[in-house]
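The values are calculated or read from the model by the stated rules, or taken from the named source; none is laboratory data. If you're wondering where the values come from, they're calculated on a predicted model, not measured in any experiment. In case anyone asks, the SASA skips ligands and DNA or RNA and just uses the protein heavy atoms, side chains included. Shrake-Rupley method; radii C 1.70, N 1.55, O 1.52, S 1.80 Å.
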Amino acid sequence: MNLQLLSCAGEKTLSDGVQMVPLQTGDSVSAQHAMLMALQGLCGERLAIRYVHDVFDGDTVCFMVETPEVWTRLEQENPHIRWFFIPIELIPDTFTTPVSQLHAAAQCFFHNRCPDKTGDAAVPSREKGMRDIWLLAATLVVALLYVALLFLQPSGESWGRGWNMIAFLFYSSPAAWLAAAIAFWRRRIGSGTRRTMAVAVATAGAVFPLVCLLVILIRA
């Protein structure tokens with residue numbers, strides 16, 4: 001990148017020849033952090049700068065730069081990536097923020113509780129939406145199956161009592177297992193509460209046929 005630092009009427013901007021991003025100045029932010037944020041503004045769609053948290057002490061500050069796609073893949077392979085590598089947008093000033101606030105920012109990002117515009121800065125918005133939709137759909141399917149099982153009563157005496165429940169077992173089991181597989185798949189991507197929810201849904205879907213069979217034995 002061919003970068004230029006421009007100054008006009010007391011205001012400084014960073015330019016790559018196409019875009020211009022103003023540098024935040026004043027006592028509220030250090031010059032180093034202002035430059036980092038300007039760089040992020042220029043190349044945010046292609047590269048994402050993250051602060052390396054909980055690794056160095058003293059006056060050492062370390063950053064990692066990767067494409068958004070690489071950050072997404074790394075988080076899928078190991079959700080704890082989100083604890084050690086924090087998007088710089090989440091930290092008021094990378095160089096002057098107290099350690100307690102750095103821990104709070106890491107906790108926020110790790111549990112996916114940050115605002116969308118910063119908390120998932122390296123995750124494409126489309127992927128975030130898909131992640132929510134897939135897990136929500138799996139949760140609804142498993143919940144509806146358990147509710148239907150709760151109200152299902154044996155009938156069909158002319159064919160033998162409880163045949164309707166056996167038919168329900170055959171038809172509902174594939175849906176439960178499919179929902180469990182989807183939840184288990186999304187478990188690798190989520191973190192914190194979302195990851196716990198995915199594990200619970202996957203477990204509930206996987207054992208549903210056994211629960212359904214037990215209910216049949218009890219009621220029929």
Per-residue accessible area, 1.4 Å probe, largest first, puts L3, L23, L150, L217 in the order L217, L150, L3, L23
Stretched fully, the stretch from V207 through L144 gains (0.36 nm per residue minus C-alpha distance, one decimal, in nm) 21.2 nm
Rounded to the nearest 10 Å², the 1.4 Å probe accessible area of D54 is 80 Å²
